[in-house]
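Colleague: This is the structure I have questions about; it appears just below.
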Amino acid sequence: MSNLPNKIRLYLDREVDFRKDVIVQDDGQGQYIKEWNVDGVAKPTDAQLDALSSQAETLENNAKIDLKRRTEYLSWQDQMEMIYKDQKNGTTTFKDHCDKVRSDNPKE
């Protein structure tokens, strides 16, 4: 189930400062907008936010995939070593490694 902060990001079509612009709270019965401090943009209705559920779910799933990919890409030092060896030896180890990480962890 998609979370409220991603729906708000989609509604505003930008990153949001959730300490200042929009305060989200969860009282145990679910998340809700406690404060809306965005100048020039009306606070969204529940229906407007619900309409963004599918897109918000995709954002969340892709964020999980990004996190998994980051761990599988290895450190930047290891990547640089692969690139150096590929250039020296005329191989494609780095490209092959990146292609495998992406194919093992496809985005929506």
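Colleague: Rounded if a/c is under 1.5, else prolate if a/b is larger than b/c, else oblate: which is the range 23-82, with a ≥ b ≥ c the root eigenvalues of its Cα gyration tensor?
Modeller: prolate
Colleague: Among 62-68, 8-14, 21-27, what's the highest-first ranking by average C-beta atoms within 10 angstrom per residue?
Modeller: 8-14, 21-27, 62-68
Colleague: Here is a follow-up. Using amide H atoms built 1.01 Å from N in the peptide plane, name the residues 5+ places from V24, or on other chains, whose amide H lies under 5 Å from its own.
Modeller: Result for V24 returns K34.
Colleague: Measuring from label point to label point, each 7 Å out along Cα→Cβ, what is the Q29 to T92 span in nm?
Modeller: Going by the 7 Å Cα→Cβ label model, 5.8 nm.
Colleague: With n ≥ 4 as the cut-off for DSSP H runs, can you work out [θ] at 222 nm for the chain, using -39500 (n - 2.57) per run divided by the number of residues, rounded to the nearest 500?
Modeller: -17000 deg cm²/dmol
Colleague: Another question about this same structure. Which residue, chosen from M82, L10, S103, occupies the Cα position most advanced towards the positive end of the dipole of the chain, where the dipole is computed from +1 (Lys, Arg) and -1 (Asp, Glu) charges on Cβ about the Cα centre?
Modeller: M82
Colleague: What list of ³J(HN,Hα) values in whole Hz, one per residue of the range 21-28 in order, does the Karplus curve 6.51 cos²θ - 1.76 cosθ + 1.60 (θ = phi - 60°) give from phi, with Gly and Pro shown as x?
Modeller: 6, 9, 9, 9, 10, 10, 9, x
Colleague: Of [x] 11, 18, 20, 16, 11, 8, 6, 5, 3, 1, 0; [y] 13, 31, 21, 18, 13, 4; [z] 14, 43, 25, 11, 5, 1, which one was derived for P(r) over Cα pairs in 10 Å bins from 0, in percent from the structure shown?
Modeller: [y]
Colleague: May I pose another question? Through the Karplus equation 6.51 cos²θ - 1.76 cosθ + 1.60, θ set to phi - 60°, convert the phi angles of the range 77-82 into ³J(HN,Hα) values in whole Hz; use x for Gly and Pro.
Modeller: 5, 5, 5, 4, 5, 4
Colleague: Fully extended, how many nm does the chain gain between Q48 and E81 (0.36 nm per residue separation, minus their Cα-Cα distance)?
Modeller: Between Q48 and E81, full extension yields 7.0 nm more.
Colleague: On a 27 Å Cα-Cα criterion, which of the cross-link pairs K34/K68; K43/K107; K85/K107; K64/K100; K43/K68 come out too long?
Modeller: K34/K68; K43/K107; K85/K107; K43/K68
Each value in this text was obtained by applying a stated rule to the coordinates, not by laboratory testing. Computed from a prediction, not measured in an experiment: that's the story for all the values here. Heads up, the Cβs are rebuilt from the backbone with ideal geometry, glycines too, and the neighbour counts pull from every protein chain shown.
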